[in-house]
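Rule-based calculations on the coordinates, nothing more; no lab input. Predicted, not measured: the structure shown is a model, and the values here were computed from it. Ideal geometry is used to build each Cβ from the backbone, glycine not excepted, and the neighbour counts take in all protein chains shown.
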Amino acid sequence: MSFPDLLPALRDAMPDLRGRLTANAPLAPLTWFRVGGPAQVLFVPEDEDDLAYALARLPADIPVTMIGLGSNLIVRDGGVPGVVIRLGRGFSDIVVEEGHRIRAGAAVPDVKVARAAQDAGIAGLAFYRGIPGAIGGALRMNGGAYGGETKDVLIEARGVDRAGRLHVFSNTDMQFTYRHCGVADDVIFTSALFQGRAGDPAEIAAAMAAITDAREATQPIKSRTGGSTFKNPPGHKAWQLVDAAGCRGLVVGDAQVSELHCNFLINRGDATAADIETLGETVRRRVQETSGITLDWEIKRIGIPA
C-alpha cells in the first residue's frame with residue numbers, strides 16, 4: 001500500500017531542514033524480521049540540531065514514530081502513518097572520556113560500545129555485546145543481558161521532545177525499571193554517557209567472547225528474528241512458560257516459535273507481520289490458559305494492519 005504524499009507540506013514547514021525525507025519508504029529492510037509496510041515519510045536527521053528543528057516545526061497532527069536498528073520490532077503490514085524517524089551517521093560517534101567513561105550516540109550499535117570499552121580497558125560494559133540493538137533502544141528499554149543493565153552504567157542521556165526541546169536526563173530522571181524507562185514516550189534519545197571502571201582488555205575480551213558463544217549456542221541469531229519476544233514475568237522465565245504451554249515450534253503462516261529458544265519468534269522466509277503478531281498472541285493466550293500468567297510483549301509493534 002502507499003500513503004498520501006506529505007513531502008510538499010513538510011518541506012514548506014521546514015525550509016532549512018538538512019536531513020533526508022523519503023515518502024512511502026519501505027521499512028521491512030530496516031527490521032530484523034524483514035516484514036511490514038512502508039513509512040508514510042521516513043526522516044533521517046543530519047544531527048541533533050536538525051532533529052530538534054524538524055520536531056519543532058512538524059505539524060502537531062502528524063504522528064511521529066521512532067525506530068532504531070529494528071532488532072526488536074514488528075512493523076505491521078499496513079505501514080506506519082506520519083513521520084518515522086531513524087537516526088543515522090550524525091548520531092554514531094563514540095568518544096572515550098576521562099574517568100573510564102564512554103559517550104555514544106543513540107544510533108551506535110550496543111556491540112560497538114562494548115568493543116570500544118574493551119579497546120580502552122574499561123570494564124562494566126561488556127554485557128552490551130549480548131544486546132542486538134542500538135543505544136537509543138537500550139535507553140528506552142533499559143536494555144540488559146548477561147548480568148548487566150543500562151541502569152547500572154548510565155550517567156546521563158540527552159534527548160529531544162516532540163516540541164523540539166533538548167533535555168538532559170540523569171540516571172534518576174530515567175526512572176528505570178525492568179525493560180522500561182519512565183521518560184515521556186515523545187522524547188527521542190540522541191546520546192548517552194556511560195560509567196565503567198578500570199579493567200584488563202584481555203579479560204574484557206574473554207568475557208565478550210563468552211557472551212558471543214552463549215548467544216550462538218542458545219539463540220537463533222542467524223534467523224530472521226526479533227530478539228526476546230516477551231518480558232520475563234516476576235519470578236518466572238518467559239521461555240519456560242512458553243515451553244510448558246506446548247508452544248515450542250508452533251507455526252502460524254510462515255512464522256514459527258524457535259525450537260532453539262522458545263522466547264524467540266522466527267520468520268522462516270515468507271511470513272507477514274500479521275503471521276508473526278498472530279503467533280505471538282496465540283502464545284500469550286496459551287500461556288495464560290496453562291499458567292494463569294499474562295506475558296507482556298517485549299518486542300515493539302508499530303503501524304497499522306494491512
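Data table
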item: Cα gyration tensor category, rounded, prolate or oblate, for the range 159-273 with a/c compared to 1.5; result: oblate
item: Isotropic mean projected area of the C-alpha convex hull, the chain (nm²); result: 15.6 nm²
item: Where labels lie 7 Å past Cα in the beta-carbon direction, separation of residue 180 and residue 92 in nm; result: 3.4 nm
item: Positive minus negative residues near residue 171 (Lys, Arg vs Asp, Glu; Cβ under 10 Å); result: -2
item: For peptides 12-19, 115-122, 153-160, sequence by mean Cβ density within 10 Å, most packed first; result: 153-160, 115-122, 12-19
item: Net charge of neighbours whose Cβ lies under 12 Å from the Cβ of residue 210, counting Lys and Arg as +1 and Asp and Glu as -1; result: -1
item: Bins of 5 Å, starting at 0 and running to the largest distance - Cα pair percent for the range 39-150; result: 2, 11, 19, 20, 17, 13, 9, 6, 2, 0
item: The chain: calculated mean residue ellipticity at 222 nm from DSSP helix runs of at least 4, using -39500 (n - 2.57); result: -7500 deg cm²/dmol
item: Beta bridges per DSSP with both ends in the range 38-121, % antiparallel, nearest 5; result: 35 percent
item: Residue-span extension gain [residue 214 to residue 22] - 0.36 nm each, minus C-alpha spacing; result: 65.2 nm
item: Centre separation in Å (Cα based) which lies between the range 263-278 and the range 160-184; result: 31 Å
item: Length-normalised contact order of the range 171-306 in % [C-alpha pairs under 8 Å, at least 6 apart]; result: 22 percent
